[in-house]
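Down below is the structure, laid out as structure tokens.
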Amino acid sequence: MAKGFARSIRDSLTRTRNAVFSRVAGLLGTSEVTEETWEKLEELLVRADVGVSTTVYLVNRLRKRARDEAILQADELQGALREELRSLLPDASPLNLGDRDRDVVLVVGVNGSGKTTSIAKLAHRWQHHGRTPLLAAADTYRAAAVEQLDIWAKRIGVDIVTGPQGGDPGAVLFDALQAAQSRNNDMVVVDTAGRLHTQYNLMSELQKVHKVAAKNVEGAPHETLLVVDATTGQNALSQARHFQEAVHVTGVVLAKLDSTAKGGMVFAITRELELPIRFVGTGETLEDLAPFDPDAFIDGLFE
Ligand code: GDP
């Protein structure tokens, strides 16, 4: 992985590191492991939004290792903790993109999560990799979302297909797929509604969009990325579950990692939602998106 991305992941973890993991490092100093060590460790991990169930799992694993490996000094635990945290994260693997004439990527998530910005960053990134993304503004319920996406599209110089406000998002996607075919775009990135009057409406809308993609392009959507706002912590998990019920989510874009000390969410998302983190948002500009690298992430938590 490029060194630049490791650095930007590390920089975006500054709050998480300062608020929590440097304290974990401090806690796991040279003293002896006592019951208090475990309690404090548990408290710090919960505070980093690692999640209660994942924290309990981790601390139990560490207790067992401390017993089995006769670890008496707290500083030896730090290495074990890093190993256990790393083992919660799958190794980086390629996205299911680039193996066909045209990729379709659905992007879902609640309003305000950073969805529009993340779509712009993704399109910008893929464009730099020689792709020709076309954006489909299928969040027809929110005029501001369409406008915002249009501004981004012009700024990065990618095609965009929009529809009338309040119109059928499935029709926008259909038009976008046709446009991509006639203009030879090799990928279509679809913005979707992030809020409707009811949860039921939102989910059935997403299902419809999903169906239009599946019906018109073989194997589509090839990736369905859920944008999660890192600053919302554990609440984001229940939101994510709703999206998972509606569509088959394949990965997470964790936006605003730079704005939060809740970076431990990465573990909760991976373990409790069983979804790989694909990208992290590291700031507000187009370049502020890093492909998720588990090793760089673990290093960034502690140093
Ligand atoms: P949407 O309503 O989900 O489409 O959210 P937007 O894309 O409009 O983003 C909401 C706000 O979050 C905007 O002010 C963005 O600039 C900001 N934002 C998005 N991603 C990031 C990120 O990775 N880091 C930071 N610091 N801000 C972000």
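When the accessible area of the stretch 64-164 is computed with all protein chains present and a 1.4 Å probe, what percentage of it is carbon and sulfur? So the carbon and sulfur contribution to the accessible surface is 50 percent.
Within the stretch 201-292, list the chymotrypsin sites (Phe, Trp or Tyr not before Pro) lying in a DSSP loop whose Cβ has at most 12 other Cβ atoms in a 10 Å radius. Sparse-neighbourhood loop chymotrypsin sites (Phe, Trp or Tyr not before Pro): none present. Choose one of His129, Gly112, Gly29: the residue whose Cα lies farthest towards the positive end of the charge dipole of the stretch 1-150 (beta-carbon charges +1 Lys, Arg; -1 Asp, Glu; about the Cα centre). Farthest towards the positive pole: His129.
Taking all Cα pairs closer than 8 Å and separated by 6 or more residues, the relative contact order of the stretch 155-250 comes to 23 percent. Taken about its Cα centre, the stretch 111-251 carries a charge dipole of roughly 200 debye when the Cβ of each Lys and Arg holds +1 and the Cβ of each Asp and Glu holds -1. The Rg/Rh ratio for the stretch 172-223 is 1.02, where Rg is the radius of gyration of the alpha carbons and Rh is the Kirkwood radius. Remark: for residue pairs Lys40/Lys262; Lys64/Lys115; Lys64/Lys256; Lys40/Lys115; Lys215/Lys256, the C-alpha separation exceeds 29 Å in Lys64/Lys115; Lys64/Lys256; Lys40/Lys115; Lys215/Lys256. Taking GluC sites (Glu not before Pro) across the stretch 251-294, the ones in a DSSP loop with at most 14 further Cβ atoms lying within 10 angstrom of their Cβ are Glu274, Glu284, Glu287.
A DSSP coil position with no more than 11 other Cβ atoms inside 10 Å describes the following GluC sites (Glu not before Pro) in the stretch 11-83: Glu69. Computed over protein heavy atoms with a 1.4 Å probe, the accessible surface of the chain works out to 44 Å² per residue.
Based on the Cα atoms of the chain, what semi-axes does the equivalent ellipsoid have, where each is the square root of 5 times one gyration tensor eigenvalue, given in whole Å with the largest first?
The three semi-axes for the chain are 40, 18, 16 Å.
Axis angle, to the nearest 10 degrees, between helix 143-156 and the longest C-alpha principal axis of the chain: 90 degrees.
The values are calculated or read from the model by the stated rules, or taken from the named source; none is laboratory data. Every value quoted in this text rests on a predicted model; they were computed, and no experiment measured them. No Cβ is skipped: glycine too gets one built from the backbone with ideal geometry, and neighbour counts run over all protein chains shown. Keep in mind that these areas ignore ligands, DNA and RNA; they rest on the heavy atoms of the full protein, side chains included. Shrake-Rupley method; radii C 1.70, N 1.55, O 1.52, S 1.80 Å.
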